[in-house]
Each structure stands twice: as C-alpha cells, then as structure tokens.
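Student: One structure, pasted below without further comment.
The values are calculated or read from the model by the stated rules, or taken from the named source; none is laboratory data. Computed from a predicted model, the values in this text were never measured in an experiment. Every residue, glycine as well, gets a Cβ built from its backbone with ideal geometry; the counts of neighbours run over all protein chains shown. For the accessible areas, the whole protein counts, side chains as well, though only heavy atoms, and no ligand, DNA or RNA atoms are used. Shrake-Rupley method; radii C 1.70, N 1.55, O 1.52, S 1.80 Å.
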Amino acid sequence: MVLYIMCSLALAFLNPVLVLGGMNVTRPNILLLLMDDMGWGDLGVFGEPSRETPNLDKMASEGMLFPNFYTANPLCSPSRAALLTGRLPIRNGFFTTNSHARNAYTPQEIVGGISDSEILFPELLKKAGYINKIIGKWHLGHRPSYHPLRHGFDEWFGSPNCHFGPYDNKQIPNIPLYRDWNMVGRYYEEFNINHKTGESNLTQIYLQEALEFIYSQAVAQQPFFLYWSIDATHAPVYASRPFLGTSNRGLYGDAVREIDFSIGKILNLLNLTGIAKDTFVFFTSDNGAALISAPMQGGSNGPFLCGKQTTFEGGMRVPGIAWWPGHVAPGQVSYQLGSIMDLFTTSLSLAGLEIPRDRAIDGIDLSPVILESKETERPIFYYRGNELMAVRLGQHKAHYWTWSNSWEELSQGINFCPGQNITGVTTHMQVEHSINPLLFHLGRDPGEKYSISVLSTEYEDAVNRISYVVQQHRDSMVPGEPQLNVCDLAVMNWSPHGCEKLGKCLTPPQSNPWKCVWPH
C-alpha cells in the first residue's frame, strides 16, 4: 500500500493532468478526523507540556481553533450518532430508559442501533454525487440493518465495535473488521493488538486506507466525504512498532504521536494532489479523555473537571480544529460554542444542500463562524442518558443534576474524576439541583470548583436566562425510541457477512433477550 501511494504521487508530478487543483469548490470535499477518547488537553496547542502533536498544532496555526467545542454525550456511541444525524441522542434514540441518567452504548450484545428513520448526512451527500467512506470504528450497531453501507456510505474499512478482547469465540466472539460488506478478519486473530507491549499496526492500516481513498478521488476529480474514525487512543491503547517508546507520556502518548504523524501525512497528500483548497477538514474527538484509564491508557482534559462518562467539562469539552486553505484564514481562534452536531449542518451547508425540515436538528451551521468569523449565541445541552444534566449559555453553566458514579463503583476502584473530589459537585449519588442549579462561570473557573452564590445578582441574572432556554428546550423535546434497552447474546458477532469465505462463522447461542444493565 505504501509503495502504491509513493508511485502514484510520483506519477502525479510527472503528469500534470493528475495534479488537480481545479475541482468544483461549490461542493468541497469533506474530511472529518474523529478521535476516540482523546482529551482537550492532549494537544500541544492547548498547552500539553510535552508538545508532541506538531502536525495538529500546525493544522491549528493554519486554520481555526475552537477552545469551546463540545461533544453531544460523554460516551462513544451516542456522540457518533449525534455527529452523523445532527441530533441529540435523546432524539435519535441513542439512549436508555432502563435506568435514570445512565450512559449506554453499542457493545456486542446490544440489539439496537441507528434507526432507519434517522437521516445521516452521508445519505444526503451521496444523493448530491459524493463518494463516502468510513475508516475505523462505526459504533452505531453491528447487526446487518445497521451496516454503514445501508446509511449513506459507499465504502468501509473498520469495525462495528470497540477493539475489546481477546475472547474465546465460544462464550464471546472476537470482534470482526470489515471491508465494505464483508468481514475480512477479527481483532486478535488477523488484526492483532499485543496487550503486553501495546503494539498494533492498525493506525498505519487506517492511514494507508485514507491515503489511497483520497488519491483515487483526487484523480477522478470526484467530490468525497471521508470519515476517519480511528480508535488507537481508546483503551486498550495501541501504537505501531516505530512509535512505541517514543513519547514522554508513555503508551498513550505513543498512540497520540502516531495519530499526529498520520494526520500530517493526510494533510500533506491533500496539498500534493492540489485539492487542499477544495477540502474542508475538521478534527475533533467523540468525548473527553477516559481518566479511569489514565495515565498509561488515558489522556488529559487539561484544566477541566473529570472525564469521559461525566457531564462535567472534562467529559464533554473536546478539541476542535477547522482547516481549509484559501477559505479559512490561518491563525484564528474562535470562542464560538460549537458542538459535534454542528458538523452535520455545516457539512450540508458547505455542500450547498438543504437541512432536513421534517425533524428537529440540534446542530447549527458553523460556516459563518469558520469563513467570516461571525459568532452567534447558542446553548450547549449536557445529557447523560435520558436526563438533561446541565446547560451552558455564554460563560455560565448551570447543573440541574450532578453525578460522577456510584459509591459502589468507587469502592471497586472505578473513578471518573481521579484526584478531583469537589464536595457537592462530583457527587457519587444522583443529586438534583433543579430548584437552585449549581452555577459556574467557566471563564473564571474552568474546573467547576467555585459555585456562584445563589444570593448574588450574577446568579439570578444567569439562571433566569438559562432557565428560559431550558424551558423552551423541554417544551419542544420529543424523545426518540430508545435503541439501547435490550441485550441478547445471540446477536453478537458470531457469523458476520463474509465469514463463510474465511471459515470463521461461529454458532450463536439461543436467543434470550434481557434488559441491559448500565451501571453508570
């Protein structure tokens, strides 16, 4: 694959017909770089002391940095569903009603997935002539009806689930990887991850998939959408051999360095093929760093409180970088409140497509911000499962519920806020604050340590403004059908499509569905 790319680029310089630079800029290519559990504080541009992300830092210096960018949920599957639908998980069905305010996702035993009633923006791009590819983790359901090629993508190389394992293929099957419709192997079999050393070449495979796809579309002068959704920074963390031991931050840092290297290669190819000015690129993460896995298997959320699984800033504020040479002026920093759901609306807007009008869309169009530096006031809603936990408006954030995780889990060593116990804030019971929300000013207090007095004028003014937004939101909210309530061992990855050719079909157990238990 590497030889293919090198030869292709050599031909491009010899044959000026292959160096494009003249594609239709009214329909730019769209490239979303979605990381897995990478924290706000993992980038040098946000102050990470080791400064081991030179390519991402350069990307920020050449484009627009978003310090106030958010995911739609502090967990993987719901945030990805929100990105592709432009809708909060409470609307698109990626939540559970089995228990109050519980995070849920799509492990192998989940029965549900992305509903056919949801519109994913690659579906709309495809109708407009785009070729769409996903590389890496899908995580919106692994059963055939949820396959990404049924939801707007033309190509796929990656996996439907996290890279957990290895399993015995008797009680639990190892998780498959697909090329398009067919399984091409399983984690820990054809695609190994060495838990002892952390070695795996998966990021390099995903990089070559991206380079080949970009180059082939550039040659064809074909508008494309590439969703590069890699997972090296999700525990168990991995990196390829050349990067192992190269970071001051241990194995997690090795993985970050390899991702940074890979993104540098991708952006360089866009420049070499002459399509950088025709390609809108956005870098972000699905949720905050998993502090429960830190420091060897988890990242940094900078100055923010707690991490993945929580609706404190560390769980939901994520890095955001927009890059589009010739369109996004270099060296910009926007303090616009942005959301991963905005990538749905912004991508369609840049492609000149209408936003669906038959449903509520929570993402806003960031193109005026990115292209003209025009900012607008909007709220950020922090959901955990089926509960609205907090709301940010301007610099103020009001908590209507607080919860990190249970005392029972904490006693077992499960801690989403290690070293960050704040009395009355990082509670280990679900505590409601609806009458007097806990209020913080995130400009003065990004760590959510010093709640504003309920007796102050600032509190009264800010809570009145936020309460009005909350009431409007609740009055118009129509929850979707929850997709993450039912589990069944029979639906696991026993016999994925294509397993016959590989001789890797496994016999599923008898169906015996149960109500999924989500502990946090």
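Student: Tell me which residues, restricted to region 119-135, are assigned to a helix (DSSP H, G or I) and open to solvent by 30 Å² or more (accessible area, probe 1.4 Å).
Tutor: Once the filter is applied, which keeps residues that are assigned to a helix (DSSP H, G or I) and open to solvent by 30 Å² or more (accessible area, probe 1.4 Å), region 119-135 yields 123, 124, 126, 127.
Student: So, one more: Do you know which of the residues in region 136-159 that are in a loop (DSSP other than H, G, I, E, B) and out of contact with any Ser or Thr (no Cβ under 8 Å at 6 or more places or on another chain) is most open to solvent (accessible area, probe 1.4 Å)?
Tutor: In this case the residue turns out to be 143.
Student: Hey, any hits in region 350-368 for a residue that's assigned to a loop (DSSP other than H, G, I, E, B), within 22 Å of residue 67 (Cβ to Cβ), open to solvent by 30 Å² or more (accessible area, probe 1.4 Å) and outside the structural domain of residue 98 (by the TED database)?
Tutor: no
Student: Continuing with the same structure: Among the residues of region 432-482, which ones are open to solvent by 80 Å² or more (accessible area, probe 1.4 Å), of a type in the set (D, E, K, R) and under 29 Å from the mean Cα position of the chain (by Cα)?
Tutor: Across region 432-482, the qualifying residues are 432, 444, 449, 474, 475, 481.
Student: In addition: Need pairs with beta-carbon distance below 6 Å; first residue farther than 18 Å from residue 450 by Cα and within region 401-429, second part of a helix (DSSP H, G or I); sequence gap 6+ or separate chains.
Tutor: 416/292; 418/291; 428/407; 428/410
Student: Separate question: Just to check your reading of the model, which residue among 294, 276, 290 is closer than 24 Å to residue 81 by Cα and either touching an Asp or Glu at 6+ places or on another chain (Cβ under 8 Å) or assigned by the TED database to the domain that holds residue 129 (or both)?
Tutor: 290
Student: Looking at region 326-340, is at least one residue in contact with an Asp or Glu (Cβ under 7 Å, 6 or more places away or on another chain), outside any loop (DSSP other than H, G, I, E, B), buried (at least 18 other Cβ atoms within 10 Å of the Cβ) and not polar (S, T, N, Q)?
Tutor: Within region 326-340, none of the residues are in contact with an Asp or Glu (Cβ under 7 Å, 6 or more places away or on another chain), outside any loop (DSSP other than H, G, I, E, B), buried (at least 18 other Cβ atoms within 10 Å of the Cβ) and not polar (S, T, N, Q).
Student: So the check is Cβ under 6 Å with 6+ separation or different chains; which pairs have a first residue in region 466-489 that's at pLDDT 95 or above and a second one that's part of a helix (DSSP H, G or I) and open to solvent by less than 20 Å² (accessible area, probe 1.4 Å)?
Tutor: Close Cβ pairs (under 6 Å, with a partner that is part of a helix (DSSP H, G or I) and open to solvent by less than 20 Å² (accessible area, probe 1.4 Å)) amount to 479/90; 480/92.
Student: Residue by residue through region 40-96, note down the ones that are charged (D, E, K, R) and either over 24 Å from residue 163 (Cβ atoms) or open to solvent by 10 Å² or more (accessible area, probe 1.4 Å) (or both).
Tutor: Within region 40-96, 48, 51, 52, 57, 58, 62, 87, 91 meet the criteria.
Student: Quick check on residue 344: is it within 20 Å of the chain's Cα centre (by Cα), open to solvent by 30 Å² or more (accessible area, probe 1.4 Å), in contact (Cβ under 8 Å) with a residue 40 or more places away in the chain and under 22 Å from residue 95 (Cα atoms)?
Tutor: Spelling it out, it is not the case that residue 344 is within 20 Å of the chain's Cα centre (by Cα), open to solvent by 30 Å² or more (accessible area, probe 1.4 Å), in contact (Cβ under 8 Å) with a residue 40 or more places away in the chain and under 22 Å from residue 95 (Cα atoms).
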